[in-house]
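Worksheet: the structure to be examined is printed underneath.
The values are calculated or read from the model by the stated rules, or taken from the named source; none is laboratory data. Remember, predicted model here, so these are calculated numbers, not experimental data. Cβ coordinates were reconstructed from backbone atoms using ideal geometry, including for glycine residues, and neighbour counts include every protein chain displayed. Ligands, DNA and RNA are stripped out before the accessible areas are found, and what is left, the full protein with its side chains, is counted by its heavy atoms. Shrake-Rupley method; radii C 1.70, N 1.55, O 1.52, S 1.80 Å.
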Amino acid sequence: MILKFKNTFITDNSLECQKDCFFLCNDQNKQFVDQAKEKGAKIIDVAECKKLLNIDENIQIIGITGTNGKTTTAAAIYSILLDLGYKCALCGTRGAFINDKQINEKSLTTEPILKTLEYLSKASEEKCDFFVMEVSSHALVQNRIEGLKFKAKIFTNITIDHLDFHQNFDNYRLAKESFFTDESIKFINKDAKAIRFNIKNSFTYGIENPSYYHIKAYSLNEGISAIVMAKNQSFHINSSLLGLFNLYNLLAASALVNELLKPDLKKLEAAISNFGGVCGRVEEIAKNVIIDFAHTPDGIEKILDTFKDKKLIVVFGAGGNRDKSKRPLMGKIVEHYAKTAIITSDNPRDEEPDAIIEEILKGFDNKSKVLTITDRKEAIYKALKLKEQDDLVLILGKGDENYQEIKGRKYPFNDKIIIQEFYKNQGK
């Protein structure tokens, strides 16, 4: 990328270099330093880039990692901090935001370091107190957070995902654990079974197991109501969000804010309550029709378990060019909960959609409750046509994504718009 700077620019791509520009050298591009020098570029590291961009070292950076929950937890922290009167930036799957204004569209969960430094520079211009960011396992392995000093970090959970990249679960876990070796304050989900609790300078949070921040009592009827206990303190979580998984997200967010800032607890409770959730995450588009981003076995099981008392029609698929081992597991979980399952295309990328569907289908013992409809629009329409009064339709995997990636191209596609079009046509 190219980042304009005064009368020149900063880049991390040697092919873009020219005389008197700056080349940001990092772990990913250091082999191209000589090429950049030959073109007349000045070589800088992250620390020097921070100075050039006037990044305020007093901005407190908060990082969230985990298989599931990163986006909602990060958004909750950002919302709570803004409500408490702080200036704040947020970067992650949904894009980049500063003080409640979106400055960039959706992109990678964790951007390359030069892009993150650009956001930090803009956050500094806006005098932000905090910079909240999602941190992916890919970014940790590729060192896309090189040179960033974190004030606090959250480890939400770790379950099977991204094994196409990490090769095995141990490598995936080691990548996540590498994020927690510094001196920042850490918040660790004590109920996440695969997390190994040898992380220093940490606070635990949980519901099932004894933890520093623990839930004394809770209700999940038509929203979340819970009492949080921490040492000699207690405060309430009251939210319109649904599901146990969202209680964990709100618990993590509120624990971090409380520990860092020690705010007035009534103001903290009000700020928690004001957080309305994230588009495409358990978002009801029409009566008893919900979309969600769940695309891992654990994520799918958590949302289906939330609505286990309903008669479920579930539309889902799996992404191409990604971990194939999770596909039959997803099928097995959906079979357990669903009245009717419709397997369809997600983002097939370079794979054949029908081949992906066949791999998901291997997880089903009872094929009589399964429909396979490759065209995602047709699959959604079929689910809505099948829906009876007491049914709940869950459309999983893409959330608020506005594209479908096929053979290297991104075609416009949005589950929410498809649902709205269906009901608009029904009304004609």
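Would you mind finding the one in Glu146, Glu118, Glu134 that is in contact (Cβ under 8 Å) with a residue 12 or more places away in the chain, closer than 20 Å to Asn249 by Cβ and acidic (Asp, Glu)? Walk me through how you get there before you give the answer.
Numbers: Glu146 fails: closer than 20 Å to Asn249 by Cβ; Glu118 fails: closer than 20 Å to Asn249 by Cβ.
Only one candidate passes the filter, namely Glu134.
Do we find a residue being in a helix (DSSP H, G or I), touching a residue at least 60 places away in the same chain (Cβ under 8 Å) and more than 25 Å from Lys106 (Cα to Cα) anywhere in the range 366-381?
Yes, the range 366-381 contains a residue that is in a helix (DSSP H, G or I), touching a residue at least 60 places away in the same chain (Cβ under 8 Å) and more than 25 Å from Lys106 (Cα to Cα).
Determine whether Ser137 is of a type outside the set (Lys, Arg), farther than 24 Å from Leu261 by Cα, in contact with a helix residue (DSSP H, G or I) (Cβ under 9 Å, 6 or more places away or on another chain) and open to solvent by less than 10 Å² (accessible area, probe 1.4 Å).
Numbers: of a type outside the set (Lys, Arg): yes; farther than 24 Å from Leu261 by Cα: yes; in contact with a helix residue (DSSP H, G or I) (Cβ under 9 Å, 6 or more places away or on another chain): yes; open to solvent by less than 10 Å² (accessible area, probe 1.4 Å): yes.
Spelling it out, Ser137 is indeed of a type outside the set (Lys, Arg), farther than 24 Å from Leu261 by Cα, in contact with a helix residue (DSSP H, G or I) (Cβ under 9 Å, 6 or more places away or on another chain) and open to solvent by less than 10 Å² (accessible area, probe 1.4 Å).
Find the residue count for the range 399-428, including only residues that are open to solvent by 50 Å² or more (accessible area, probe 1.4 Å), polar (S, T, N, Q) and assigned to a loop (DSSP other than H, G, I, E, B).
Total meeting the criteria: 1.
Run down Lys151, Lys127, Lys122 and say which single residue is in a helix (DSSP H, G or I), at pLDDT 95 or above and open to solvent by 40 Å² or more (accessible area, probe 1.4 Å). If you could, list the steps in order and put the result at the bottom.
On the way: Lys151 fails: in a helix (DSSP H, G or I); Lys127 fails: in a helix (DSSP H, G or I).
When all the criteria are applied, what remains is Lys122.
Can you give me the ranges of the strands (runs of 3 or more DSSP E) entirely in the range 280-361 with at least 2 residues that are touching a residue at least 40 places away in the same chain (Cβ under 8 Å), open to solvent by 30 Å² or more (accessible area, probe 1.4 Å) and in contact with a strand residue (DSSP E or B) (Cβ under 7 Å, 6 or more places away or on another chain)?
Filter on the range 280-361 gives 283-286.
Looking at the range 367-377, which of its residues are within 18 Å of Leu312 (Cα to Cα), open to solvent by 70 Å² or more (accessible area, probe 1.4 Å) and not small (Gly, Ala, Ser)?
Listed by number, the residues that qualify are Lys367, Thr372.
I want to confirm something. Restricting to the range 164-210 and keeping residues that are aromatic (Phe, Trp, Tyr) and open to solvent by 50 Å² or more (accessible area, probe 1.4 Å), which single residue is modelled with the lowest pLDDT?
Residues of the range 164-210 aromatic (Phe, Trp, Tyr): 165, 169, 172, 179-180, 187, 197, 203, 205.
Now restrict to residues that are open to solvent by 50 Å² or more (accessible area, probe 1.4 Å): 165, 169, 197.
Values: Phe165: 84, Phe169: 90, Phe197: 81.
Ranking the qualifying residues of the range 164-210, first place goes to Phe197.
Give all pairs with beta carbons closer than 8 Å in which a residue from the range 41-68 that is among the charged types (D, E, K, R) meets a residue that is part of a strand (DSSP E or B); count only pairs at least 6 apart in sequence or on separate chains.
Going by the 8 Å Cβ cut-off, the qualifying pairs are Lys42/Phe22; Lys42/Phe23; Asp45/Leu24.
Filter the range 96-110 for residues that are open to solvent by 10 Å² or more (accessible area, probe 1.4 Å) and touching an Asp or Glu at 6+ places or on another chain (Cβ under 7 Å); which is modelled with the lowest pLDDT? It would help to see each step written out before you state the result.
In the first step, residues of the range 96-110 are kept if they are open to solvent by 10 Å² or more (accessible area, probe 1.4 Å); the result is 97-109.
Filter once more, keeping what is touching an Asp or Glu at 6+ places or on another chain (Cβ under 7 Å): 98-99, 109.
On the way: Ile98: 98, Asn99: 97, Thr109: 94.
Out of the qualifying residues, it is Thr109.
Which of the residues that make up the range 382-398 are in contact (Cβ under 8 Å) with a residue 12 or more places away in the chain, part of a loop (DSSP other than H, G, I, E, B) and either among the polar types (S, T, N, Q) or closer than 22 Å to Lys332 by Cβ (or both)? Quick ask: steps written out before the conclusion?
The initial filter retains those residues of the range 382-398 that are in contact (Cβ under 8 Å) with a residue 12 or more places away in the chain, namely 382-384, 386-388, 390-398.
Remaining after also requiring part of a loop (DSSP other than H, G, I, E, B): 387-388, 390, 397-398.
Those that are in contact (Cβ under 8 Å) with a residue 12 or more places away in the chain, part of a loop (DSSP other than H, G, I, E, B) and either among the polar types (S, T, N, Q) or closer than 22 Å to Lys332 by Cβ (or both): Gly397, Lys398.
As an exercise: evaluate Ser225 against (1) over 26 Å from Phe130 (Cα atoms); (2) crowded, with 19+ Cβ neighbours inside 10 Å; (3) not aliphatic (A, V, I, L, M) and give the number of the one condition it does not meet.
It is condition (2) that Ser225 fails.
Tell me, which residue of the range 81-95 that is outside any loop (DSSP other than H, G, I, E, B) and over 21 Å from Asp56 (Cβ atoms) is most open to solvent (accessible area, probe 1.4 Å)?
It comes out as Asp83.
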